[in-house]
Each structure stands twice: as C-alpha cells, then as structure tokens.
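The values are calculated or read from the model by the stated rules, or taken from the named source; none is laboratory data. This is a predicted model, so every value here is computed, not measured. Quick reminder, even Gly has a Cβ in these numbers, built from the backbone with ideal geometry, and neighbours come from all protein chains shown. Heads up: the accessible areas ignore ligands, DNA and RNA and are worked out on the full protein's heavy atoms, side chains in. Shrake-Rupley method; radii C 1.70, N 1.55, O 1.52, S 1.80 Å.
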Amino acid sequence: LTPAWSIRISRRKEREPVPTFIHRQHPRRVSIRCLREAVNTTLVQEGIRPRAVEISIALVDDAAMRELNARYRGKDSPTDVLSFSQEETIRLPGVPRLLGDIVISVDTAARQAADAGRRLDDEVCHLAIHGILHLLGYDDATAEGYAEMVEKGEQIWRGCRCASTRRRPPRGGT
C-alpha cells in the first residue's frame, strides 16, 4: 500500500523512534487522537512499552480491502480489519521491533457503526485494538479464542480515555 499521506504519532516532541504510522487512504475523517489512544492503551495493557514496537495502520476503502482480502485470505469480499505480522527475529538494541501492519476498511467500519448505533471513531478504534491483538498472537478462529479476544478488546476499550460511554456489543467478522 502506498500512503496518500501519513502522520507520525508521538507523545513527545523529541526525536525518538515513532511506534505508529497511520496511512489515510480514505477521504472520511477518523480521530487520530482516539486511534493513538487505542494503540497505546492496547500495548500498555499487554505489557509492552509503546515505544518498543512499531505498527503501521492503513485506513482504506472497501475496494482496497476487497483486493487485500482476496489476495491474502482467498475471500473476494471486503472485511473490516486485516493484520499482517512483521515480527522480526533480529533485534537491534534501541530500535523498536516491527510488530506489523493493520488495514482497516473505513467503509465497512462506517456500516458496522451505523448498524450498531456507534460512532465511527469508536468502531475504528475497536478494529485497531482487534488488529493489534492479532499481531500479539491472539486468534479468534475458535469459539474460545473469539470470546477471549472480545473480552480483552472490551477491557482495553474501557481503559481508553476517548471511549464512548455507549455499550458496544461483541463484534463479528475476522
């Protein structure tokens, strides 16, 4: 994916390795502040210093997501979120490890949010949390794994300062 433009997310103004790159490839606006909060909260609650890893998040439309889903999962339809692990076996001191890439379909997220009466920002943040959990080794292929990921995602979301107070039912999809 070639970013239309990207934003470096950093809590400090000093020159340090930046853990998250967000590539907006969709014209619809999503809160970068809430997305940053969701990423940082997920990493902290999983016992990872946010500056110890690097994550790339692409916000795309359904056409791009359909292409990726067909290429990598053999499913010729869009999905809400895909995660691509980039875990490196070589670690260099002082350099964040590359955790992976997350791709979120803003179109699918908008439909899911509207169907459930949630804000788009909330849905995108939930999808980012879900994608990060996949990068950290969680799997929702079984009923037990799915239940664990839903519970973990809800726990993380409750820890986010920008979380909407509306109750969010368990999500479907990947």
With all protein chains present and a 1.4 Å probe, the order of ASP101, ASP115 from largest accessible area down is ASP115, ASP101
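For the range 28-116, what is the percent of antiparallel DSSP beta bridges, rounded to the nearest 5?
About 40 percent, rounded to the nearest 5.
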Scaled by the rule-of-thumb 2.2 N^0.38 Å, the alpha carbon Rg for the range 49-140 gives a ratio of 1.17
Two pseudo-spin positions, 7 Å from Cα along C-beta at TYR146 and at ALA114, lie apart in nanometres by 2.5
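Which shape class, rounded, prolate or oblate, goes with the range 95-157 when its Cα gyration tensor gives a ≥ b ≥ c as root eigenvalues, a/c under 1.5 marks rounded, and past that a/b bigger than b/c marks prolate?
Oblate shape, in that a/c is at least 1.5 and b/c is the bigger or equal ratio.
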Label model pair PHE84, ARG51: point-to-point distance (7 angstrom along the Cα→beta-carbon line) in nm is 2.9
